[in-house]
Amino acid sequence: MIELSNVSKTYGSGDNAVHALQNVNLTIPKGTIHGVIGLSGAGKSTLIRCVNLLERPTSGSVVVDGQEMTGLTRSELNHARHRIGMIFQHFNLLTTRNVFDNIALPLELMGEKRSDIQNRVLPLLDMVGLSDKANQYPAQLSGGQKQRVAIARALASKPNVLLCDEATSALDPQTTSSILELLRDINHQLGITILLITHEMEVVKSICHRVSLISDGKLVEDAEVGDFFTAPNTQLGRDFLNDFLQLSPPKELLERLEELPGEHTHPVVRLTFSGDAVSTPLISRLARECSVDVSILQAKVESIQDRTLGLMIAELLGSHEQTQQAMSYLEAHQLQVEVLGHVQRNV
Ligand SMILES: Nc1ncnc2c1ncn2[C@@H]1O[C@H](COP(=O)(O)OP(=O)(O)OP(=O)(O)O)[C@@H](O)[C@H]1O
Ligand SMILES: [Mg+2]
C-alpha cells in the first residue's frame with residue numbers, strides 16, 4: 001500500500017521556483033497496478049521518486065506499507081528501500097558487470113552470503129527468461145533483455161512495491177507487450193504493488209487497474225481504468241483518450257469546420273458511448289424519433305478490461321431545432337456528445 005497525502009515538491013526558490021508537485025493525494029491499495037500519465041514535465045518522475053524518497057517532498061506525507069518515509073533516518077531509509085524496487089527507461093545496468101552480477105548487486109550491498117545470492121539470483125533469471133544469459137554483459141543484450149535484467153535486479157531484495165518510470169518507453173511495441181506481460185505476472189504471482197509512470201495510454205489500458213492523470217504538478221483525475229477510458233473528467237483526459245483512439249475528423253472536414261453555428265450549418269459531433277448504449281440501435285432511433293439524418297464519418301469499438309467503448313464522429317443533418325433535440329436525446333441515453341464544430345450545408 002502506498003499513500004501520498006498533500007505531497008508537494010518545489011525545486012529551486014524565489015523566481016526560479018518550479019512547483020513540480022502540488023498537494024498530491026493518492027492511495028494505491030496493496031497488490032494493484034496503478035498508472036500515472038501526463039504530458040512531459042507534468043511531474044510524473046518527481047511523483048514516483050517521492051515514493052522512495054529519491055526526491056524528498058517539500059511537504060506532505062509518504063507512507064509505504066504503513067511506514068512514514070519522510071521521517072526515517074538515512075539507515076532506516078536504506079532499509080526501507082529494500083522493500084521498494086525501481087526500474088527506469090534506460091535500464092541503468094552496470095556495464096562492467098555481467099547479468100548475474102547486476103542482479104546480485106543489491107544482495108551484495110545487503111551483505112548476503114555468496115551461496116544465498118546464488119539461490120536468489122538463479123530463480124530470478126528463470127523468472128525473467130534469461131537463464132542462458134547469466135554470463136553475458138549488458139552490451140550483448142537487446143533493450144527488452146536489459147529491462148528484464150533490471151526487473152530481476154529490482155526484485156532481488158524481495159520488494160513489496162515496484163516503481164516503474166517509463167520502463168517501456170525505449171522499447172518497440174512487441175517488446176513493450178512482453179515486458180508488460182512480465183510485470184503483470186509479477187503482480188499476479190508475487191502480489192507486488194506496481195506504480196508505473198507512462199505517457200502511453202496503451203500501457204495503461206493493457207495492465208493497469210487504476211490510473212491517475214497529472215497536469216502541471218496536480219492530480220486532475222484518479223479513476224478505474226474502465227471509467228477513465230469511457231468517461232474522462234477533464235479536457236486533458238479526453239485529449240489523451242482521443243489521441244489513443246486516433247479518432248478525429250477527416251482533414252478535409254476539419255478545414256471546413258467553423259466554431260459557431262451559422263444560418264446554413266449543421267453540427268459535427270463526437271459521440272462516446274459505453275455499457276448498454278453500445279448494443280442499442282440508438283442511431284436509427286435517433287433518425288426516427290428526432291427526424292434527423294446521421295452521416296457517420298468515423299466509428300470504432302474498443303474493449304477496455306470488461307468494458308466496451310464505442311466512438312463515432314458524425315454529422316447531424318436537420319434543422320437547428322431538430323439537431324439540438326437529437327443531441328439532447330443522445331445525452332438522455334447516456335452518450336457523451338461533444339460538438340466539434342459546424343459545417344456549411346450544401347444548399
Ligand atoms: N532536479 C530538478 N531541478 C529543477 N527542476 C526540476 C528537477 N527535476 C524536475 N524538474 C522540473 O519539475 C517539473 C516536473 O518534472 P518531471 O521530471 O517530474 O516531469 P515528467 O512528467 O516526468 O516529464 P517527462 O515525461 O518529460 O519525463 C519540470 O518542470 C522539470 O523541469
Ligand atoms: Mg519523467
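The values are calculated or read from the model by the stated rules, or taken from the named source; none is laboratory data. All of these numbers come straight from a predicted model, not from anything done at the bench. For neighbour counting, all protein chains shown are included, and Cβ atoms are generated from backbone atoms with ideal geometry for every residue, glycine included. To get the accessible areas, we keep the full protein, side chains included, count just its heavy atoms, and leave off ligands, DNA and RNA. Shrake-Rupley method; radii C 1.70, N 1.55, O 1.52, S 1.80 Å.
Miscellaneous remarks
- Selected residue (criterion: nearest to Q325 (Cα to Cα)) from residues of the stretch 255-269 that are touching a residue at least 24 places away in the same chain (Cβ under 8 Å) and open to solvent by 20 Å² or more (accessible area, probe 1.4 Å): P261
- When the residues of the stretch 181-202 are filtered to those that are open to solvent by less than 20 Å² (accessible area, probe 1.4 Å) and over 29 Å from D116 (Cα atoms), the one that is farthest from ligand 2 (Cβ to nearest atom) is M201.
Residues checked against (1) at pLDDT 95 or above; (2) more than 16 Å from L93 (Cα to Cα):
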site: R114; (1), (2): no, yes
site: V121; (1), (2): yes, no
site: D126; (1), (2): yes, yes
site: K133; (1), (2): yes, no
site: Q136; (1), (2): yes, no
site: L141; (1), (2): yes, no
site: Q145; (1), (2): yes, no
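- Cβ separations smaller than 9 Å between residues 6+ apart or across chains give the following pairs from the stretch 64-85 residues that are in contact (Cβ under 8 Å) with a residue 60 or more places away in the chain to residues that are basic (K, R) and open to solvent by less than 80 Å² (accessible area, probe 1.4 Å): G85/R153.
- Residue ID - most open to solvent (accessible area, probe 1.4 Å), chosen from residues in the stretch 1-31 that are part of a loop (DSSP other than H, G, I, E, B) and under 21 Å from I84 (Cα atoms): K30
- Within the stretch 212-230, considering residues that are polar (S, T, N, Q) and within 16 Å of ligand 2 (Cβ to nearest atom), the one most open to solvent (accessible area, probe 1.4 Å): S215
- A134 within 16 Å of ligand 2 (Cβ to nearest atom), surrounded by fewer than 18 Cβ atoms within 10 Å (Cβ to Cβ) and among the hydrophobic types (A, V, I, L, M, F, W, C): no
- The stretch 138-174 - residue that is of a type in the set (S, T, Y) and open to solvent by 20 Å² or more (accessible area, probe 1.4 Å) and, of those, farthest from ligand 1 (Cβ to nearest atom): S142
- Selection of the stretch 12-52 for residues being under 16 Å from the mean Cα position of the chain (by Cα) and away from ligand 2 (no atom under 12 Å from the Cβ) yields L26, T27, I28, T32, I33, H34, G35.
- Within the stretch 304-346, the set of residues being part of a strand (DSSP E or B), of a type in the set (D, E, K, R) and under 28 Å from R210 (Cα atoms) comprises R307, E338.
- Residue match in the stretch 270-280 (condition: in contact (Cβ under 8 Å) with a residue 12 or more places away in the chain, hydroxyl-bearing (S, T, Y) and part of a strand (DSSP E or B)): yes
- Some residue of the stretch 246-268 being among the small types (G, A, S) and not in a loop (DSSP other than H, G, I, E, B): no
- Qualifying residue in the stretch 32-52 (condition: farther than 19 Å from L219 by Cβ, touching a Ser or Thr at 6+ places or on another chain (Cβ under 8 Å) and open to solvent by less than 50 Å² (accessible area, probe 1.4 Å)): no
- Residue match in the stretch 53-72 (condition: outside any loop (DSSP other than H, G, I, E, B), over 30 Å from the mean Cα position of the chain (by Cα) and on the phi < 0 side of the Ramachandran plot): no
- Any chance V268 is of a type outside the set (S, T, N, Q) and modelled with pLDDT of 90 or more: yes
- Restricting L335, L316, L330 to residues that are within 26 Å of E202 (Cβ to Cβ) and either buried (at least 16 other Cβ atoms within 10 Å of the Cβ) or in the same structural domain as S206 (by TED's automatic domain parsing) (or both) narrows the list to L335.
- Qualifying residue in the stretch 91-103 (condition: modelled with pLDDT under 95, in the same structural domain as G226 (by TED's automatic domain parsing) and touching a Gly at 6+ places or on another chain (Cβ under 9 Å)): yes
- Per-region count, the stretch 98-121, residues in contact (Cβ under 8 Å) with a residue 12 or more places away in the chain and either assigned to a helix (DSSP H, G or I) or closer than 22 Å to R81 by Cα (or both): 12
- Of the numbered criteria (1) in a helix (DSSP H, G or I); (2) under 32 Å from the mean Cα position of the chain (by Cα), the one A287 fails is (2).
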